[in-house]
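Please read the structure below before turning to the comments.
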Amino acid sequence: MKVRVLALALIGAALSACVGPRYVTSDVTRFHTLPASPSGQTFAIVAADKDQEQSLAFRQYADLLNANLTQVGLRQFSGEAGKPDYVVTLTYNVEGPSPDVRTRNFSVSMGYGYWGRHWGLNGAYDPWGSSYSNTQQVYTRRVNLDIYKGATWGTSNPEKVFEGRALSEGLNGQVEPVMPYIIDAFFKDFPGSSGSTRTVRVEVPPDSGVTETTTSGTSRSNM
């Protein structure tokens, strides 16, 4: 029993030592006919459905979109006569958990050698070795960012000028904690190369309160 307790303590210490910068990772695909450098065109953010229109969360996301769109050179529509140059919509959903699982294996071994007792991770000091598995299911967060020509919005055939899709996989079944970082991912090198898919990592500030993150560079997040 003492051997197992010490082994678990060693695993915890090893994992703590591996903690580093935290990220939300998204695979972002963009198709568009926008100019490479927007310059002063106006935009308005519109809820895609009635549920979003009443959502406080959507209003917060709209504020984030306003900040990012303004930063890349567009101007928020002030409601003057006419229509905005662009109408922006944001939709999102979560799928899962997935039928597949992500498993991490750890082995801790203890043995005796010339210099006495030895401990090691992933070692080979059998027969004292013990293995532990951490199995987790994955959720897929899908976020869609679309931009239309304002003059065509509300017609039977609105003309889309930007179509963005972001996929972020992680352990959290809710999209709210990761939405700010997925929105930021859309605006890395905006509007970007049309028809391309790019894996974007956005670092999570230490004081964000977000606990599930990843330090790897894979397209799957642990958040």
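Read the figures in this text as sums done on the coordinates, not as results from a lab. These numbers come from a predicted model, not from an experiment. Cβ sites come from the backbone with ideal geometry, for glycine too, and all protein chains shown count toward neighbours.
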*Counting only the backbone N, which residues of segment 185-202 are under 20 Å from the spot 7 Å out from the Cα of Ala57 toward its beta-carbon?*
185-186
_Interchain or long-range residues, amide H under 5 Å from Tyr92's placed H_ = Asn144
_Need one number: nm distance between label points at Asn93 and Ser37, each 7 Å from Cα along Cα→Cβ, rounded to one decimal._
4.0
_Sort Thr42, Thr155 by Cβ crowding within 10 Å, fewest neighbours at the top._
Thr155, Thr42
*With a 10 Å Cβ neighbour count serving as the proxy for reagent exposure, in which order, fewest first, do Glu159, Glu169 appear?*
Glu159, Glu169
_Theoretical FRET efficiency, 1/(1+(r/R0)^6), r = Cβ-Cβ of Ala151 and Glu176, R0 41 Å, to 0.05_ = 0.75
*For segment 151-159, what does the Karplus curve 6.51 cos²θ - 1.76 cosθ + 1.60, with θ = phi - 60°, yield as ³J(HN,Hα) per residue in whole Hz, taken in order and with x for Gly and Pro?*
5, 9, 5, x, 8, 6, 9, x, 8
*Would you mind putting 21-34, 68-81 in packing order, based on average other-beta-carbon counts within 10 Å, highest first?*
21-34, 68-81
*How many nm is it between the label spots at Thr29 and Thr197, if each spot is 7 Å from the Cα in line with the beta carbon?*
0.6
